[in-house]
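Every number here is computed from the coordinates shown, using simple stated rules; none is lab data. Keep in mind it's a predicted model, so treat the numbers as computed, not measured. Here the Cβ positions follow ideal geometry from the backbone for every residue, glycine too, while neighbour counts run over all protein chains shown.
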Amino acid sequence: MSFVLSEAAASLMLTPEEFREALAIFFEEAENTLAGIDEALPNGDGKALKALLHDLKGSAFNFRVDDVGEMARSLEACALSGDLEQICRELPNLRGELARIKALVDL
């Protein structure tokens, strides 16, 4: 699945510029979420990780950033099962996808 700004914007009945402004807020919140994950992971706080990843998953799907949503869904399942090592391995991929989409929409 590939992110297409104009399609995502149209699905939310926004112009691409309006959607870009909304995405700026999404990316700011995603950075805050990643900071929370960075804090919870070394502490083994699975409950916090589950909540943070759940929030990121929902936001990503709401903003039609589906690949990020799917990654967050997978990592949320890892948090639920206690597989924090898998989160450590996959978190760079999530960060990379967020950076890729952010660059794609020129934010």
- Which FRET efficiency, nearest 0.05, do THR15 and ASN62 yield, Cβ-Cβ r, R0 22 Å? 0.80
- Extension reserve of the GLU28-ALA77 stretch, reckoned as 0.36 nm per residue once the Cα distance is removed: 15.3 nm
- Query: How much length is gained if the chain between CYS88 and VAL4 is pulled fully straight, taking 0.36 nm per residue apart and subtracting their Cα-Cα distance, in nm to one decimal?
  - Reply: 27.4 nm
- If you place +1 on the Cβ of every Lys and Arg and -1 on the Cβ of every Asp and Glu, how big does the dipole about the Cα centre of the chain come out, in debye to the nearest 20? 180 debye
- Item | Among [x] 80; [y] 61; [z] 94, the entry derived from the coordinates for volume of the Cα convex hull per residue in Å³ | [x]
- Message: Give the separation of the Cα centroids, segment 1-44 to segment 86-104, in Å.
- Response: 12 Å
- Item | Set of lysines with alpha-carbon distance to LYS102 below 22 Å, sequence-local pairs under 8 removed | LYS57
